[in-house]
1. How about the range 91-125: which GluC sites (Glu not before Pro) there lie in a loop by DSSP and see at most 14 other Cβ atoms within 10 Å?
2. Report the charge-dipole magnitude of the range 72-180 in Debye, nearest 20, computed about the Cα centre from +1 at each Lys and Arg Cβ and -1 at each Asp and Glu Cβ.
3. So if each residue of separation counts as 0.36 nm, and I subtract the Cα-Cα distance between E363 and D98, what length gain in nm does that give?
4. Send over the Kirkwood Rh of the range 281-395, from the inverse of the averaged 1/r over different Cα pairs, rounded to one decimal Å.
5. Which percent of the Cα-Cα distances in the chain go past 30 Å?
6. What list of ³J(HN,Hα) values in whole Hz, one per residue of the range 438-450 in order, does the Karplus curve 6.51 cos²θ - 1.76 cosθ + 1.60 (θ = phi - 60°) give from phi, with Gly and Pro shown as x?
7. What size of dipole, in debye to the nearest 20, comes out for the chain about its Cα centre when the only charges are +1 on Lys and Arg C-beta atoms and -1 on Asp and Glu C-beta atoms?
8. State, to one decimal in nm, how far the label point of E69 lies from the label point of T30, with both points 7 Å from Cα in the Cβ direction.
Amino acid sequence: MGHNCSALTGYMAGDSGKKEEMSKVKIISTSHVKPGKMIGRKECQLVTFDLPYLAFHYNQKLLFYKCGEFEEKVEKLKDGLRVVLEEFYQLADKLGKDEDGVFRVEYDDDMDGVEVVEATAMEIGIEELAAEDGTASFKDLIPYNGVLNLEGLHRPLLSVQVTKLKDGVAMGCAFNHAILDGTSTWHFMSSWAQICSGSNSVSVSPFLERTKVRNTRVKLDLSLPPNPVNGDADQGPQLREKLFRFSEAAIDKIKSKVNSTPPSDSSKPFSTFQSLAYHVWHHVTLARELKPQDYTVFTLFADCRKRVDPPMPESYFGNLIHAIFTVTAAGLLSANPPQFGASLVQKAIEAHNAKAIEERNKEWEAAPKIFEYKDAGVNCVAVGSSPRFKVYDVDFGWGKPEGVRSGSNNRFDGMVYLYQGKSGGRSIDVEIALEAGALEKLEKDKEFVLEV
């Protein structure tokens with residue numbers, strides 16, 4: 001199956017993001033880390049669940065820790081990385097294509113491996129990073145700003161920048177989203193942390209046979225745009241990002257409000273996710289001041305490991321997510337009680353069973369479409385990441401992180417990332433990117449912020 005895509009132009013901001021006059025971050029050195037043992041030549045084709053993400057950017061995560069003895073920590077991280085890559089060697093690979101033009105991950109013992117950048121930022125402290133509710137101060141702490149996953153053809157699939165701060169360490173990671181989703185990302189991070197904390201081996205090995213879930217060979221004719229550097233020149237309205245922290249009390253309040261009248265045609269109460277999804281969708285729609293007849297789309301990236309038939313193990317390494325959509329008119333969303341919007345979300349999730357997944361895959365394989373941000377839908381709210389990921393358990397032997405955040409990649413108007421709250425329990429951090437005017441209204445919406 002051939003497919004041509006010029007959709008990539010405009011999504012390449014290159015590494016040359018607009019640097020501040022003088023960055024507070026100084027790069028000291030760059031090295032590469034390979035698995036600690038010989039693995040030989042390995043090839044694994046990318047499957048229908050992976051390919052749509054080739055034109056997304058690298059997935060950026062930032063974790064910061066209060067600790068000292070920087071050089072010692074870096075060595076420990078590299079030693080642990082050598083061990084964990086023996087199992088997760090696909091992260092030390094490159095993207096390639098076979099003779100039919102089908103994308104795959106390719107490993108060879110003479111490849112460079114994972115890029116590790118060491119840096120210092122002695123003016124930046126943990127407190128400053130923890131208080132940052134945008135992403136501006138993270139930009140120079142995470143590698144591969146504005147770099148497309150497709151560039152994994154000639155650069156590492158994982159780059160880690162370890163930065164020495166005034167009173168701690170920042171770990172900025174850029175993962176190639178064409179080869180793994182959030183579940184696999186955090187499986188890798190927790191496995192790496194386990195090794196650094198003294199385990200001799202990974203407790204749950206990654207399941208690397210991605211063709212077990214789907215083996216259709218899809219040929220894509222994709223190439224990088226000719227001028228990859230000026231991508232962020234005209235990205236439309238000015239976006240702003242903000243982190244909203246919802247305490248357990250706030251989450252409970254949202255959930256009980258949405259569940260105050262149970263869904264009319266379903267005995268199942270609304271989950272925490274469905275309740276919060278409605279809350280964000282409803283208030284973002286109000287903040288955008290849409291006309292009653294304007295459509296608004298809610299999108300979520302759902303894990304399909306347990307939805308496919310046969311189901312795949314939690315340890316399946318790759319992308320096993322689908323974008324699930326539901327749509328309504330802005331006026332209906334605001335005029336109806338919360339159950340209306342929450343039911344739309346609940347039904348969309350429940351309808352996405354093995355049969356629906358199979359149909360979606362067949363449809364995509366017949367006419368492959370590489371995702372662009374605008375494909376998320378009109379006036380959209382799109383939710384990625386999940387508060388189920390145990391991000392605060394990623395302890396390399398020097399304590400839990402003081403904060404876990406996303407970088408500035410893959411942000412568009414309406415993109416939402418959910419994380420476990422630092423205070424634990426049922427608290428949830430909600431990162432939202434919105435057009436600046438709408439975000440300002442959202443910040444002032446007391447019903448949304450719910451400072452309980």
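Just so you know, all these numbers are worked out from the coordinates, no wet-lab data involved. Note that the structure is a prediction, hence the values are computed from the model and not measured. Every residue, glycine as well, gets a Cβ built from its backbone with ideal geometry; the counts of neighbours run over all protein chains shown.
1. Those that pass, being in a loop and sparsely packed, are E99, E123.
2. 200
3. Extra length available between E363 and D98 comes to 93.1 nm.
4. 16.0
5. So the pairs more than 30 Å apart make up 44 percent of the total in the chain.
6. Once rounded to whole Hz, the list reads 5, 5, 4, 5, 4, 4, 8, 7, 4, 5, 7, 5, 6.
7. The dipole magnitude comes to about 940 debye.
8. The two pseudo-label positions are separated by 3.0 nm.
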